[in-house]
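Beneath this line is the structure, given in structure tokens, with notes to follow.
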Amino acid sequence: MKRQLPITRYSLLIIFFLLLGVPLAAMSVSQKSKTASPEEYYNEALAEKDAGDLPAASLALRRALVLDPTLAVAQQELQEVLSKMELPMESSWQQKLASRYAPEKITFVGTVIGWSATAILIVIFFLQILPSTKKPKRWRLFFLVVFLCLVGHAISVLGVIIDPRLHARYEVVLLPKPDAKAALEHQPDRPATTPLRATPADASSVLAQLPTGSCLILLSQHGVWSYVRTATGQEGWVASGSLEFLIPSLPKAR
Amino acid sequence: MKYSLFILLLFSNICFASSPSVNATATLSRNRVAAGEVVQLDVKVTGAEQADVPPEIAAEGLQIKLTGQSSQVQMINFQVSSSVIYSYIVVPLKTGNLTVPPVTVRAEGRMMKTTPLQLAVIGSGSASPNAPSQQVSPMNPGSATLPSRLANQPSNNVDPGRLGFAEVVIPKKKFYVGEVVPVEIRFYVDAHYGFSTMGPPNFGGEGVLTDRFKDPEQSRENRNNLIYTVATFRTLFAAVKTGVLDIPPATLDIAVAIPEPTPVGIDPDLFSRLMGGRSPLVRQHKMTLKTSATHCEVMPLPSEGRPADFSGAIGQFRLEGSVAPQKVDQGDPVTLSLKLSGQGNFQALKGPQLTETQGWRTYPPADHFEATDVFGWRGVKTFDTTMIAQQAVTATPGSSFSYFDPIATKYVTLKTKPLPLEISNATPAPTPTAGAPSAAGGATASPSPAAPKLVAGERLNQKTERSWKDPLHQKEWVLTWLAFFFGSVVLIGIFAVRAYSQRARSPLDQERQRLEELIAELEKEELSIAEFYDKAATAAELFLKQGVADVADLEEILRRRDEIHYGARMTFLTAPEKERLIKQLKKVMGNE
């Protein structure tokens with residue numbers, strides 16, 4: 001009594017598109033939504049640095065690194081600029097990993113591996129070659145495919161997690177405007193510090209003086225005041241007008 | 001209502017106290033000194049726990065260097081005040097009326113300046129008229145010291161003189177100015193009595209800088225056939241002026257629990273058991289334990305042989321260097337780690353100076369200290385300097401560190417050699433010692449043919465486009481991912497349903513399943529002969545229906561079934577015969 005493999009033309013078509021479509025779709029994703037150039041931000045930072053506006057240079061360098069965390073020259077320049085401003089250089093494991101391997105590439109490779117292995121798994125189940133077989137080679141192949149499926153998707157998730165754009169949506173840089181006198185004299189001097197206040201009022205008590213160029217986490221916004229968290233975990237209110245989002249396409253704080 | 005008002009007042013008091021004003025003041029330990037003597041300058045910042053002060057203060061005729069800091073927090077009538085004192089050592093370089101300039105202090109986001117101070121430096125040998133005289137305690141070292149207040153109190157048969165005493169242990173009484181000396185202060189309390197400390201010990205005085213006390217270590221010790229509980233406090237101290245140094249007695253306020261007699265009518269044993277074996281009633285005796293005064297001789301650092309890069313390090317040190325990574329691309333940062341190990345004034349230690357830094361861009365080093373003893377006197381301080389090669393180099397910078405060795409009584413300079421590095425895309429650097437012309441007649445080495453590397457500071461001409469959105473926020477990405485996910489789920493579901501339905505609808509599969517069940521039932525021992533042959537005959541009929549067996553193979557089973565049902569003869573079924581029939585059916589089933 002011989003079994004007939006339940007393969008139909010329709011099913012083969014679906015598998016074919018699945019195998020071919022994964023890399024194509026992933027490539028199409030990497031090709032779309034292009035809106036800015038990290039090199040332009042880097043060149044802008046050099047111009048700001050030459051003009052003596054180190055906080056603005058640090059913002060442009062941070063933006064360049066959000067777009068391309070592997071841009072080594074931007075990392076060096078940012079380190080130098082922050083050192084001149086006597087600000088610490090933030091460094092987490094995500095940033096370190098992203099500076100070595102481009103998150104987009106990691107995500108792409110993980111996606112291709114994960115979904116290809118998933119497609120092969122479907123084929124294996126579709127052909128029903130496992131339940132009735134006693135051949136150890138097929139079982140080894142089966143477990144290898146399962147392993148690749150899990151590892152591929154895990155790599156894909158890792159690429160997303162270390163992507164600086166994921167966190168940059170909530171990050172702002174303290175960049176107060178030059179005062180009126182400095183602006184009239186065309187000097188880029190900005191106030192050295194900005195008060196972090198306990199409540200959203202000018203008369204509120206000052207919790208700390210935040211140095212210009214500090215990177216903060218924006219927790220919420222209420223009109224002209226923003227509630228932020230500093231790198232040391234201190235939370236308080238600053239004027240929204242003195243903040244610049246790391247991602248410029250987001251609505252500007254006012 | 002009364003309590004509410006009280007709590008409101010208390011809260012408002014605390015709130016008021018939590019926002020103190022910040023100010024900074026500077027004081028000199030003496031305003032008139034002889035040439036060769038040093039003065040201590042204290043910059044006190046009140047209303048802040050931390051402040052930024054310059055490590056050195058430039059002043060004409062004076063050398064002023066930061067030597068340490070101490071902080072204190074006080075709470076008086078619910079008003080909390082904190083202050084931090086930065087101590088400088090002031091060395092006059094000439095005689096005359098000199099001015100200590102205003103010190104710029106940055107605290108709580110405010111910039112402040114202290115008032116300038118006048119210091120009169122007179123010729124060598126003249127005594128300072130307003131130098132404070134030290135009161136030497138008449139107590140003998142190691143003797144018990146109790147305050148007169150406690151001595152006047154009735155003590156309920158407890159001898160206050162035997163309650164406790166204190167002693168201070170300083171390993172040497174003759175040392176150099178700025179040299180850090182470990183000190184151990186032991187407070188002994190009769191082990192029969194419990195006690196609690198009321199704050200840290202008070203130790204130090206004019207001309208002495210002390211570090212913060214570490215947490216005390218508690219132990220038991222037998223002295224004169226009496227067991228004492230010993231609280232040992234350890235710290236480091238340094239002298240900031242030369243000459244005879246009288247350190248006032250160290251004191252510690254404690255509260256001793258003195259047992260009280262049990263009230264009349266109460267069984268003391270029962271009461272004691274109820275209290276967990278402790279004395280039922282105790283009275284708190286506040287007292288102050290006090291050591292004897294300490295006399296030391298502080299010597300000035302010798303001026304001859306003082307290296308130019310000497311920055312105040314006193315002790316015994318070793319210097320080691322390492323670099324990581326050892327193989328980098330040009331433009332990548334490397335970290336040069338310089339480890340200073342040994343014993344001495346680690347807190348005021350400045351890092352080694354880098355030498356031969358040509359071709360390198362260096363950044364201020366980050367340092368961290370790991371103590372290897374309880375004092376923080378011995379340990380390892382590591383200075384990590386991040387550097388980026390600006391040109392083709394084959395080695396890191398070297399380093400140099402000078403200190404004064406108080407045992408050898410001389411200055412010592414430690415050096416590390418440049419460490420070799422492998423930098424890819426770099427042209428081989430010319431050897432500094434190579435004075436002879438090269439084999440190519442002095443021609444410079446040709447540049448590497450590798451592709452040009454991006455160099456920091458230069459404009460970038462190429463332009464790549466990237467999205468501001470991360471994958472999770474890209475619509476294309478999310479839709480593609482979800483499409484694949486649901487597609488896979490749907491495919492798996494379709495195949496699973498299809499396989500199940502195929503298996504359920506096939507009559508062949510159904511009959512096969514029925515045969516498997518029948519053969520399994522035949523192997524059961526509890527079946528009667530009639531039941532066995534009935535089931536065996538059913539299986540045989542199914543086989544004949546499928547056409548997988550001949551009638552001749554299964555005729556015996558069908559005949560015996562009929563004999564049992566319709567014949568009058570008794571029929572037996574032996575175990576071998578049963579086994580043979582089951583085997584026969586299985587064989588037929590295997591022929592499928």
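The values are calculated or read from the model by the stated rules, or taken from the named source; none is laboratory data. Keep in mind that what you see is a predicted model, and the values were worked out from it rather than measured. Glycine gets a Cβ as well: all are built from the backbone with ideal geometry, and neighbour counts include every protein chain shown. The protein model used for the area step is the full one, side chains on, heavy atoms only, and it has no ligands, DNA or RNA in it. Shrake-Rupley method; radii C 1.70, N 1.55, O 1.52, S 1.80 Å.
What does a probe at B:R212 reach in region B:365-397, counting residues whose amide N is under 19 Å from the point 7 Å along Cα→Cβ?
B:367-378
Restricting to DSSP loop positions (anything but H, G, I, E, B) with no more than 16 other Cβ atoms inside 10 Å of their own Cβ, which chymotrypsin sites (Phe, Trp or Tyr not before Pro) remain in region B:21-100?
Of the chymotrypsin sites (Phe, Trp or Tyr not before Pro), the ones in loops of region B:21-100 whose Cβ has at most 16 other Cβ atoms within 10 Å are B:F78.
Would you mind classifying region A:171-245 by shape? Square roots of the alpha carbon gyration tensor eigenvalues, ordered a ≥ b ≥ c; an a/c under 1.5 is rounded, otherwise it is prolate if a/b is larger than b/c and oblate if not.
Prolate shape, in that a/c is at least 1.5 and a/b is the bigger ratio.
Given a Förster radius of 41 Å and the C-beta distance between A:A201 and B:Q50 as r, what FRET efficiency does 1/(1 + (r/R0)^6) yield to the nearest 0.05?
In this case the efficiency is close to 0.95.
Any chance you could run the full-extension gain for B:K587 through B:K327? It's 0.36 nm times the residue separation minus the Cα-Cα distance, nm to one decimal.
Using 0.36 nm per residue and subtracting the Cα-Cα distance, I get 86.3 nm.
Carbon-plus-sulfur fraction of the accessible area of region B:315-424, 1.4 Å probe, in percent? Intermediate results must be reported in sequence, preceding the final value.
Numbers: 2550 of 5250 Å².
Taking all protein chains in place, region B:315-424 shows 49 percent carbon and sulfur surface.
Hey, got a sec? Which GluC sites (Glu not before Pro) in region B:471-524 land in a DSSP loop and have at most 12 other Cβ atoms within 10 Å?
B:E523
Which residues of region B:481-503 show a drop of at least 30 Å² in accessible area when all protein chains are present, compared with their chain alone (probe radius 1.4 Å, heavy atoms only, ligands and nucleic acids excluded)?
Listed by number, the residues meeting the 30 Å² cut-off are B:W481, B:F484, B:S488, B:L491, B:I492, B:F495, B:R498.
Filter the GluC sites (Glu not before Pro) in region A:45-137 down to the DSSP loop ones having no more than 13 other Cβ atoms within 10 Å, then list what survives. Walk me through the numbers before you get to the answer.
Working: sites: A:E48, A:E77, A:E80, A:E86, A:E90, A:E104; in loops: A:E86, A:E90.
Within region A:45-137, the qualifying GluC sites (Glu not before Pro) (loop, at most 13 other Cβ atoms within 10 Å) are A:E86, A:E90.
For labels at B:E541 and A:L97 in the simple 7 Å Cα→Cβ model, what's the distance in nm?
Taking the two extended label points, one gets 6.9 nm.
With r as the distance between the Cβ atoms of A:Y170 and A:V224 and R0 = 25 Å, compute the FRET efficiency 1/(1 + (r/R0)^6) and round to 0.05.
With R0 = 25 Å, the Cβ-Cβ based efficiency is 0.85.
Give me the one-decimal nm value for the distance between modelled label points at B:V490 and B:E422, 7 Å along each residue's Cα-to-Cβ direction.
5.5 nm
If each of A:W139 and B:K350 carries a label point 7 Å out from its Cα toward its Cβ, how far apart are those two points in nm?
7.1 nm
Work out, step by step, the length gained on full extension between B:Y566 and B:K94: first 0.36 nm times the residue separation, then minus their alpha carbon distance; give nm to one decimal. Working shown, then result.
Details: separation 472, 0.36 × 472 = 169.92 nm, distance 13.99 nm.
Working it through step by step, the gained length comes to 155.9 nm.
Which value, in square angstrom to the nearest 100, describes the accessible area buried between chains B and A on both sides, using a 1.4 angstrom probe?
4900 Å²
Between their Cα atoms, which of B:K94/B:K350; B:K241/B:K381; A:K137/B:K583; A:K96/B:K415; B:K214/B:K410; A:K49/A:K177 are more than 24 Å away from each other?
Details: B:K94/B:K350 26 Å; B:K241/B:K381 26 Å; A:K137/B:K583 33 Å; A:K96/B:K415 33 Å; B:K214/B:K410 31 Å; A:K49/A:K177 16 Å.
Cα-Cα > 24 Å for B:K94/B:K350; B:K241/B:K381; A:K137/B:K583; A:K96/B:K415; B:K214/B:K410; rest within.
Classify region B:315-424 from the C-alpha gyration tensor, please: rounded if a/c falls under 1.5, else prolate or oblate depending on whether a/b exceeds b/c. Mind showing how you got there, number by number?
Working: a/c = 2.84, a/b = 2.00, b/c = 1.42.
Verdict is prolate for region B:315-424.
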